[in-house]
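Reading through the structure tokens given below for one structure.
Laboratory data are not the source of any read-out in this text; all were calculated from the coordinates shown. For clarity, every value in this text was computed on a predicted model and none was experimentally measured. Backbone-built Cβ (ideal geometry, glycine too); neighbour counts: all protein chains shown.
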Amino acid sequence: MNLSFEFYLIVGAFIIFIIISVLRLFLGPTAPDRAVALDTINTLVVASMVGLGAATWETLFIDIAIVYAILSFVTTLFIAKYLEGGGD
Amino acid sequence: MITFTILYAFLIISVLFNALGVIGLHRFPDVYTRLHAATKCTTFGTIFMTFAVIVYSGYMYYWNPGQDHYLNMALHTVGALVAILVTNPTGAHAIARAAHKVGIKPKFAVIDELEKKEAK
């Protein structure tokens, strides 16, 4: 049983979703809109890294996905803090 | 064979919900509804992606008992699942709170209870 092709296909779909989300990152009328788009992109990157790990059987991808999820969480919190303090 | 079916179901749910989240990010009118669509759907989709990888690795370890890297993979993926489960809703809540503090109004909302509570 080898599902590498399916996982690569799904990672490709996720990359297309990331490109569509980047569009919202540029279009977004207000700053929190851009923060939402960034959060979506971060989650999709984590999902595609987990998929790549399953496709290539490299555990390193999963470790990087964990670290990326936690670091992106810290980034999101700091952006939210900055928006609260600094106004628009 | 049942494992195949479960795996394909998980993968299809994952891609479907991530697609719905990204479509919602573009179609909804203001920050709060966009946050609702994007964060909840992508979190759900990513959780099912990790479920699929856990089932896949567990299946491979079951049929190749000596090879520890399959088990290693499953355990690391559980770690990724926990990280996503803890961090993602918290970040969404922080963004929503920041948006409300900046002064963005919900677009079609009739009543805003939080604003009344803060005005008191």
Near-label residues of the range B:23-45 by backbone N, under 19 Å of a point 7 Å along Cα→Cβ of B:Val110:
B:33
Assertion target for A:Val67, B:Val55, ordered by fewest C-beta neighbours within 10 angstrom first, is A:Val67, B:Val55
Kindly provide the pair-distance distribution of the range B:53-120 built from C-alpha pairs, with 5 Å bins from 0 and whole-percent values in order of increasing distance.
3, 14, 14, 12, 9, 8, 7, 7, 8, 7, 6, 4, 1, 0
Label points 7 Å out from Cα along the Cβ direction at B:His36 and A:Ile16: separation in nm?
2.8 nm
Calculate, axis by axis, the spread of Cα positions in chain B along the three principal axes, and write the results as whole Å, longest axis first.
64, 25, 17
Sites B:Val55 and A:Val74, calculated FRET efficiency, Cβ-Cβ separation with R0 25 Å, nearest 0.05
0.25
Using the alpha-carbon atoms, what tilt in degrees (0 to 90, nearest 10) does helix B:2-27 show relative to the longest principal axis of chain B?
20 degrees
For the protein assembly as shown, place one equal point scatterer on every Cα, skip the solvent, and apply the Debye formula. What is log10 of I(q)/I(0) at q = 0.15, 0.17 Å⁻¹?
-0.88, -1.06
